[in-house]
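Okay, so here's the structure we're looking at.
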Amino acid sequence: MDAQCNILVTADGVYRGDKLINLKKIASEALDRCKESSASSVQKCVVVKHPAFITSSDASSSLQTPWDELCDIWWDDLMDGVSDECEPEWMDSEDPLFILYTSGSTGKPKGVVHTVTGYMLYTSLTFKYVFDYHHDDVYWCTADIGWITGHSYITYGPLANGATSVLFEGVPVHPHVGRLWEIIEKYGVSKFYTAPTAIRLLMKYGKEPLQRYDLSSLRVLGTVGEPINPEAWLWYYDVVGQQRCPVIDTFWQTETGGHVLTPLPAATPLKPGSATCPFFGVQPAILNEHGEELEGEAEGYLVFRKPWPGIMRGVFGNQERFESTYFRKFPGFYVTGDGCRRDKDGYYWITGRIDDMLNVSGHLLSTAEVESALSEHPSVAEAAVVSRPHAVKGECLYCFITLKDQQEFNRTLMDELKRKVREKIGPIATPDFIQNAPGLPKTRSGKIMRRVLRQIARNEKELGDLSTLADPKVVEVLFSQRCEAAA
Ligand code: PRX
């Protein structure tokens, strides 16, 4: 609705591991909801028969694809009899290429707009240099094609370079925990790109699953999406790359279009956990709270001084939000929303988000978005969500729930709350911890003190200055009822 699109393209179903997901049913429910609003613009829904189901009658019959004769059309029927020739449409270099939605700290997602030439130039160039791409390479990025890593480094960057790529639909541990290593051996993958969360997951199974496969084709190992802890970095380097392959920790965002801080293989000396130095033409700076630029060794807000070809061109339909989110806090700079430290060698170390965002398995979520989903439950008076470190996912969600009078906090309610978040945002946002909070720590002006909630979630007893709290007793109660185990 936000993008005022006319056509929705989806598939009948998809497997995630051994779980069959009825994609068309989800799409139909979303379209029904859009139709309830007069702003809906979608006229047609094109449905691709997923190749895996064409041969599997079990799957297609269990899907029971919902069908609206007026709106839905099979892709195969639409393409029947169409010419194989398709002339390209000539575009202006600054025409929009796509809109990709990313979480915003106020809760409503932002439609990030990228343009034809700048984005393609930048993804193509970064792909070539950051993965040290050569024509005999076999490249594999395990990301989901639907988010920015899949756009930039499965689709545009590799295709613009004519690269041979492995496209993979699946999960790393299905049907067995050596799945990724098996594929690397099978196709002779030389450049491999994945997320720290996948590395941490696979680390748990030890070296044995890797030793069953020949990984000698590997040359460069990339990571993206969240800070990589040195332990996972070293495992990737020692065990997966057999100390032969540089680990390329690429820092970037949906908004940046492509890598902005990254080592170049065999050219940049590496430090485990650091995204090292800027890519060509990128000018990072570190600012303090007052917007003063810090020189040398320093820690503060990571910003960029000058644009580069792949930077977003706007928030779709909301120029004001584009300016206020990225440019107003520190005029003259693009603000990433991340904290960062620069060491004595000029290396950059991302310390994580400094706005109300959190990163679960490399997926950016806003606490406001989850809070609003939780607050839709009829028993909930108020919800506050903070992040808590998680051994595999990097961060996970810890939710404080204040119930309306006479409502009971029990297992059923917890399950309903989890379902609500899954439906509204997606399985990635499922809360790990849900705590009953008879009251929340608030300032006298009514602002929730998230810092205190974060400390409770992490069991940090040194709370610092609580003098601005309206009722400090709330904190003791919350500490005494903290969740030790996941919900
Ligand atoms: O917090 C940073 C983290 O992911 C955020 C961007 O998320 P998204 O737009 O979904 O794009 C993810 C894929 C590019 C950043 O603001 N992030 C991304 N890469 C890294 C990272 N944090 C630390 N190190 C990285 N290499």
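State whether the residues of the range 299-319 include one that is out of contact with any Leu (no Cβ under 6 Å at 6 or more places or on another chain), among the acidic types (Asp, Glu) and exposed (fewer than 15 other Cβ atoms within 10 Å of the Cβ). Break it down into steps so the answer makes sense when it comes.
Taking the range 299-319 and keeping what is out of contact with any Leu (no Cβ under 6 Å at 6 or more places or on another chain), we get 299, 302, 304-308, 310-319.
Now narrow it down to the ones that are among the acidic types (Asp, Glu): 299.
Within this subset, residues satisfying the condition of being exposed (fewer than 15 other Cβ atoms within 10 Å of the Cβ) are none.
No.
Which residues, counting only those in the range 287-316, are more than 15 Å from the ligand (Cβ to nearest atom), hydrophobic (A, V, I, L, M, F, W, C) and within 21 Å of GLU255 (Cβ to Cβ)?
Selection gives LEU287, PHE316.
Residues checked against (1) part of a strand (DSSP E or B); (2) in contact with a Gly (Cβ under 7 Å, 6 or more places away or on another chain); (3) under 19 Å from GLU395 (Cβ atoms); (4) touching a residue at least 12 places away in the same chain (Cβ under 8 Å):
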residue: VAL171; (1), (2), (3), (4): no, yes, no, yes
residue: HIS176; (1), (2), (3), (4): no, no, no, yes
residue: TYR193; (1), (2), (3), (4): yes, yes, no, yes
residue: GLY206; (1), (2), (3), (4): no, no, no, no
residue: LEU221; (1), (2), (3), (4): yes, yes, no, yes
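For the range 324-343, give me each residue that is within 24 Å of LEU121 (Cα to Cα) and in a helix (DSSP H, G or I).
TYR326
Just checking, how many residues over the range 131-169 are farther than 18 Å from HIS363 by Cβ, touching a residue at least 60 places away in the same chain (Cβ under 8 Å) and not β-branched (Val, Ile, Thr)?
Residues meeting the conditions: 4.
Confirm whether ILE199 is at pLDDT below 95, closer than 29 Å to ILE350 by Cβ and within 16 Å of the ligand (Cβ to nearest atom). Write out each step before concluding.
Details: at pLDDT below 95: yes; closer than 29 Å to ILE350 by Cβ: yes; within 16 Å of the ligand (Cβ to nearest atom): yes.
In short, yes.
I'm trying to understand the selection: among the residues of the range 420-435, which are over 16 Å from ALA368 (Cα atoms) and at pLDDT 95 or above?
Result: ASP432, PHE433, GLN435.
How about the range 14-33: which of its residues are modelled with pLDDT under 90 and either more than 17 Å from ARG422 (Cβ to Cβ) or of a type outside the set (A, V, I, L, M) (or both)? Lay out the reasoning, then the answer.
Let us first name the residues in the range 14-33 that are modelled with pLDDT under 90, namely 14-21, 33.
Scanning the range 14-33 gives TYR15, ARG16, GLY17, ASP18, LYS19, ARG33.
When both residues are 6+ apart or on different chains and their Cβ atoms are under 6 Å apart, which pairs have a first residue that lies in the range 357-379 and is within 16 Å of the ligand (Cβ to nearest atom), and a second that is of a type in the set (D, E, K, R) and not in a helix (DSSP H, G or I)?
That search, which allows pairs on different chains as well, returns LEU358/GLU395; ASN359/GLU226; ASN359/GLU395; VAL360/LYS393; VAL360/GLU395; SER361/LYS393; GLY362/GLU226; THR367/ASP356.
Within the range 1-105, which strands (runs of 3 or more DSSP E) (wholly inside it) include 1 or more residues that are surrounded by 14 or more Cβ atoms within 10 Å (Cβ to Cβ) and hydroxyl-bearing (Ser, Thr, Tyr)?
On the way: elements: 7-11, 14-16, 19-21, 44-48, 72-74, 96-102.
Here the list reads 7-11, 14-16, 96-102.
Mind listing whichever residues of the range 472-487 are exposed (fewer than 15 other Cβ atoms within 10 Å of the Cβ), touching a strand residue (DSSP E or B) at 6+ places or on another chain (Cβ under 8 Å) and either among the basic types (Lys, Arg) or at pLDDT below 85 (or both)?
ARG482, ALA486
Report whether or not LEU180 is buried (at least 23 other Cβ atoms within 10 Å of the Cβ), more than 16 Å from the ligand (Cβ to nearest atom) and of a type outside the set (S, T, N, Q). Break it down stepwise before answering.
On the way: buried (at least 23 other Cβ atoms within 10 Å of the Cβ): yes; more than 16 Å from the ligand (Cβ to nearest atom): yes; of a type outside the set (S, T, N, Q): yes.
The answer is yes for LEU180.
The values are calculated or read from the model by the stated rules, or taken from the named source; none is laboratory data. In this text the structure is predicted, and so the values were computed from the model without any measurement. FYI the Cβ positions are ideal-geometry reconstructions off the backbone, even for glycines, and counts take in every protein chain you see.
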